[in-house]
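First comes the structure, then the notes that go with it.
The values are calculated or read from the model by the stated rules, or taken from the named source; none is laboratory data. This structure is a prediction, so every number in the text was calculated from the model and none was measured. Positions of Cβ are generated from backbone atoms using ideal geometry, with glycine treated the same way; all protein chains shown enter the neighbour counts. All accessible areas refer to the heavy atoms of the entire protein, side chains included, with ligands and DNA or RNA removed. Shrake-Rupley method; radii C 1.70, N 1.55, O 1.52, S 1.80 Å.
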Number of protein chains: 2
Amino acid sequence: MRLYHVDMNPYGHRVLLILEAKKAKYEVYKLDPLRLPEWFRNKNPRLKIPVLEIPTEYGDKYLFESVVICDYLDEKYTRNQLHSRDPYVKAQDRLLIERFNELIKGSLECFDTNFAFGSEQIIQTLDIFEKELTLRGTNYFGGHRPGMLDYMIWPWVERLYLLRCVNERKFDEKRGLFPNFADWSDQMQLDDVVKKHANSPQEYFDYYKNARTHSMGYYL
Amino acid sequence: MRLYHVDMNPYGHRVLLILEAKKAKYEVYKLDPLRLPEWFRNKNPRLKIPVLEIPTEYGDKYLFESVVICDYLDEKYTRNQLHSRDPYVKAQDRLLIERFNELIKGSLECFDTNFAFGSEQIIQTLDIFEKELTLRGTNYFGGHRPGMLDYMIWPWVERLYLLRCVNERKFDEKRGLFPNFADWSDQMQLDDVVKKHANSPQEYFDYYKNARTHSMGYYL
């Protein structure tokens, strides 16, 4: 399998985490979003990123949409099942993954300089996840180890740490509002799968500073 | 199980079809969207419709989002599996269900009187589904019988027939552009599950005419 990926793209980051968690064999084809090759544009006219290319006996097949790709991988590789086997819990997790889109929107608002509105959306979403983790009473959303929901939200949580580079005092103050989520986040950083594809807060900070000057908002 | 449903709501229609296809035991609680009861507002502050209420030993649980509810039902009741057992086909079908949202948006545009733009979106989406059906070479998207994709798109296709009440000649002319999809649609109308929850084109026509005067766009 081959993943077409734009470096630092959080949706592609999701797929990398799942490929790693499933110990699948894969290669990554890195795309430069400012110079997408002609053959890629032809194959993928809606310019969706990431794309998973799956070789089959009938030729290569393609999948789009990070959540659909990750669910596909979880079903295709049955070892280390990431979704709950309980259909109700799985459904709940899918709703929470959708709910998390509000934090993603909030992050983009912050990036677009509407900082007050964006950070309020982030705080409100974190509040939902703090309560959910408290309710579940487990270390991870998936139980005693990270599951699909943990990995689906992780790329944006890892990126939140760049805010510490902006204002350390304020970051630690906000962090104190979500004690369970903060503990979860500390543990996630020690997970082997997470470590394999991690970047430091400073790397994200530099990347996003640079990305803004190149108006790459679409790919963030 | 109990489905909280607004009469004629196409998202609730999806869930009714799946409950029926799975031969699940259920009751329907009909809500009047203009007079949502206080207890419903408290239980469901985001006013999502439809809602599936699932009684458990730990009290009632709730699920939202028609697609999530229908996938839940397909996993919970293993008889008559509606999604493909092939993870790639299932993933493809999920992408097509998402793609179909453009036809839904197009229908709403038509309702909002932006008829030219809306009908163009409908035509473009039908073109994708016509090609997909031709490619699959089967009577239904699900093969020799309707599957999840067939039922997920059906509520809006059933409603498209109301356009025949507006302009019969034009309807038949457009229908001729999508011969395989038109055949599929004819067969779907004979399906027992579909028949159980069907309304006539005239009923939809009268309903939507009336709904517009009550500005119920949100619930359509």
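Residue pairs whose Cβ atoms lie under 9 Å apart, sitting 6 or more positions apart in sequence or on different chains, and linking a residue in the range A:60-71 that is over 17 Å from A:TRP154 (Cα atoms) to a partner that is modelled with pLDDT of 95 or more and charged (D, E, K, R), are A:ASP60/A:ARG2; A:ASP60/A:GLU53; A:LYS61/A:GLU53; A:TYR62/A:GLU53; A:LEU63/A:GLU53. Selection within the range A:71-84: residues that are farther than 13 Å from A:MET148 by Cα and more than 7 Å from every other protein chain (Cβ to nearest Cβ). The member of this set that is most open to solvent (accessible area, probe 1.4 Å) is A:ARG79.
The residues of the range B:204-220 that are open to solvent by less than 90 Å² (accessible area, probe 1.4 Å) and either at pLDDT 75 or above or of a type in the set (Val, Ile, Thr) (or both), listed by number, are B:TYR204, B:PHE205, B:ASP206, B:TYR207, B:TYR208, B:ASN210, B:ALA211.
Flag not set for A:TYR29, criterion: in contact with a helix residue (DSSP H, G or I) (Cβ under 7 Å, 6 or more places away or on another chain) and of a type outside the set (Gly, Ala, Ser). What are the residues in the range A:176-197 that are assigned to a loop (DSSP other than H, G, I, E, B) and either farther than 16 Å from A:LEU149 by Cα or open to solvent by less than 60 Å² (accessible area, probe 1.4 Å) (or both), if any? Once the filter is applied, which keeps residues that are assigned to a loop (DSSP other than H, G, I, E, B) and either farther than 16 Å from A:LEU149 by Cα or open to solvent by less than 60 Å² (accessible area, probe 1.4 Å) (or both), the range A:176-197 yields A:GLY176, A:LEU177, A:PHE178, A:LEU190, A:ASP191, A:HIS197. Within the range B:107-156, the set of residues being on the phi > 0 side of the Ramachandran plot and at pLDDT 95 or above comprises B:GLY137, B:GLY143. Any residue at all in the range B:85-93 that's in a helix (DSSP H, G or I) and either open to solvent by less than 20 Å² (accessible area, probe 1.4 Å) or under 30 Å from B:TYR207 (Cα atoms) (or both)? Yes, there is a match, as at least one residue in the range B:85-93 is in a helix (DSSP H, G or I) and either open to solvent by less than 20 Å² (accessible area, probe 1.4 Å) or under 30 Å from B:TYR207 (Cα atoms) (or both). Within the range B:80-107, the set of residues being touching a strand residue (DSSP E or B) at 6+ places or on another chain (Cβ under 9 Å) and free of Cβ contacts under 8 Å to residues at least 24 places away in the same chain comprises B:TYR88, B:ALA91, B:GLN92, B:LEU95. Which ones in the range B:150-171 are basic (Lys, Arg) and either open to solvent by 60 Å² or more (accessible area, probe 1.4 Å) or out of contact with any Pro (no Cβ under 9 Å at 6 or more places or on another chain) (or both)? Scanning the range B:150-171 gives B:ARG164, B:ARG169, B:LYS170. Identify, please: which residue in the range B:4-58 is open to solvent by 30 Å² or more (accessible area, probe 1.4 Å) and part of a strand (DSSP E or B) and is, among those, modelled with the lowest pLDDT? The extreme case among them is B:THR56.
Listed conditions (1) in a loop (DSSP other than H, G, I, E, B); (2) open to solvent by less than 70 Å² (accessible area, probe 1.4 Å) are all met by B:LEU96, apart from (1).
Quickly run through the range B:33-58 and pick out the residues that are away from chain A (no Cβ under 14 Å) and touching a residue at least 12 places away in the same chain (Cβ under 8 Å). Answer for the range B:33-58, where residues must be away from chain A (no Cβ under 14 Å) and touching a residue at least 12 places away in the same chain (Cβ under 8 Å): B:PRO33, B:LEU34, B:PHE40, B:LYS43, B:ILE49.
Here the range B:59-70 is the region considered, the condition is being surrounded by fewer than 22 Cβ atoms within 10 Å (Cβ to Cβ) and closer than 11 Å to A:TYR88 by Cβ, and the residue that is farthest from the other protein chains (Cβ to nearest Cβ) is B:TYR62. For A:GLU102, are the conditions met, namely being open to solvent by 40 Å² or more (accessible area, probe 1.4 Å), assigned to a helix (DSSP H, G or I) and away from chain B (no Cβ under 14 Å)? Against the criterion (open to solvent by 40 Å² or more (accessible area, probe 1.4 Å), assigned to a helix (DSSP H, G or I) and away from chain B (no Cβ under 14 Å)), A:GLU102 does not qualify. Within the range A:108-149, restricting attention to residues that are in a helix (DSSP H, G or I) and in contact (Cβ under 8 Å) with a residue 60 or more places away in the chain, the residue that is least open to solvent (accessible area, probe 1.4 Å) is A:MET148.
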